[in-house]
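Worksheet: one structure, shown below.
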Amino acid sequence: MDHLSVHDRTTLASSLLKRGVVLSLLVLLLTVAPGFAQPPTFDGTSAFTFLYKQVEMGPRNPGSEGHKRALDSYREWFEQCGALVRRQSFTADVHTSPEGSSPKQEMRGTNLIAQFGKGRSADYLLCAHFDTRPWADEDPDPKRRMEPIPGANDGASGVAVLLEMARLFAEQPPPGRVDIVLFDLEDSGASGDNESYCLGSAYYAKNHYGPAPIGAVLLDMIGDAELEIPMEWFSWAYAPEWTKHVFDLAEEVEAGAFYPEVGDPVYDDHVPLLRAGIPTVDLIDFNYPHWHTHNDVPENCAPESLEQVGRVLVRLVYGE
């Protein structure tokens, strides 16, 4: 993902409008079935274990051994949790350097889609990117900037919350259908070239058929030990009622890291989803000092942060 300038914000806003993104959404709440009097409890410590295990696999940049191990482990875990799992393979041209000066190369990517619950289409879409940046281009040590990052927060944190949600779905199936999607090739973009990011979500959005879900929630960089999640600008501009609904739920579950103020625009995996007409809120704390550095490690993340986000998702899916 990348910050957007005022020019980029205006250009992308115009593009989204031309593509017919719906600017408002009538939020529909699922009726909780009689057997679900008490929703499950999200365990931040368990989620943090998932974060730590991902980092132990090594960097998960595309083409690496860590990437392959991670993808296999996610699939096995989702299947153990009773999900119908499928891989969505695609190819895309990606940058081979962080500044974009080198020629692009074709790379194979794989999105992982796990279906929980029953229904012809998903009521909710929960998603995150699992790949990590191939370069630590923001690292204070110039000699290490071409090395891949550990990606504890930027990559592993969002996935960790979704892996814990899968465990809850196994114990107590959701009232409706929930799809978890892990996007690939999100973080191999070049600075200033927004369209070179989020390649997996772009492919998913172009190949999404059937009715749109009630809403989607994107998790990215939500493990920061000093977590602060504002209303990301594109989420608020193009899915305002859905964004407000999710932040209202955060207030109900006393997730203090959420604050209902509009923040900066971030080009992230929610933008292709918004373009496809899927109401999406991006939960992201971009004010993370270790972004795209070798200090993006578990020690700079916290289970309490993961738990706040998880409590919001539990309220969303299961209701009160």
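Points worth noting:
- Residue in the stretch 284-291 that is outside any loop (DSSP other than H, G, I, E, B) and either touching a helix residue (DSSP H, G or I) at 6+ places or on another chain (Cβ under 7 Å) or polar (S, T, N, Q) (or both) present: no
- Here Ser89 meets the list (1) surrounded by 15 or more Cβ atoms within 10 Å (Cβ to Cβ); (2) at pLDDT 95 or above; (3) of a type in the set (Ser, Thr, Tyr) almost entirely, failing just condition (1).
- When Glu232 is tested against the conditions (1) in contact with a Cys (Cβ under 9 Å, 6 or more places away or on another chain); (2) surrounded by 22 or more Cβ atoms within 10 Å (Cβ to Cβ), the lone failure is (1).
- Residues in the stretch 286-306 that are surrounded by fewer than 21 Cβ atoms within 10 Å (Cβ to Cβ) and charged (D, E, K, R): Glu299, Glu304.
- Taking the numbered list (1) over 16 Å from the mean Cα position of the chain (by Cα); (2) of a type outside the set (Val, Ile, Thr); (3) closer than 25 Å to Ile149 by Cα in turn, Leu249 passes all entries but (3).
- Among the residues of the stretch 112-123, the one identified as surrounded by fewer than 24 Cβ atoms within 10 Å (Cβ to Cβ) and touching a helix residue (DSSP H, G or I) at 6+ places or on another chain (Cβ under 6 Å) is Leu112.
- Count of residues meeting criterion [in a helix (DSSP H, G or I), in contact with a helix residue (DSSP H, G or I) (Cβ under 6 Å, 6 or more places away or on another chain) and not hydrophobic (A, V, I, L, M, F, W, C)] in the stretch 45-73: 4
- Hey, Leu182 of a type in the set (A, V, I, L, M) and part of a loop (DSSP other than H, G, I, E, B) or not: no
- The stretch 197-222 - residue that is small (Gly, Ala, Ser) and at pLDDT below 95 and, of those, surrounded by the fewest Cβ atoms within 10 Å (Cβ to Cβ): Gly210
The values are calculated or read from the model by the stated rules, or taken from the named source; none is laboratory data. Quantities reported herein were computed from a predicted structural model and do not represent experimental measurements. Quick reminder, even Gly has a Cβ in these numbers, built from the backbone with ideal geometry, and neighbours come from all protein chains shown.
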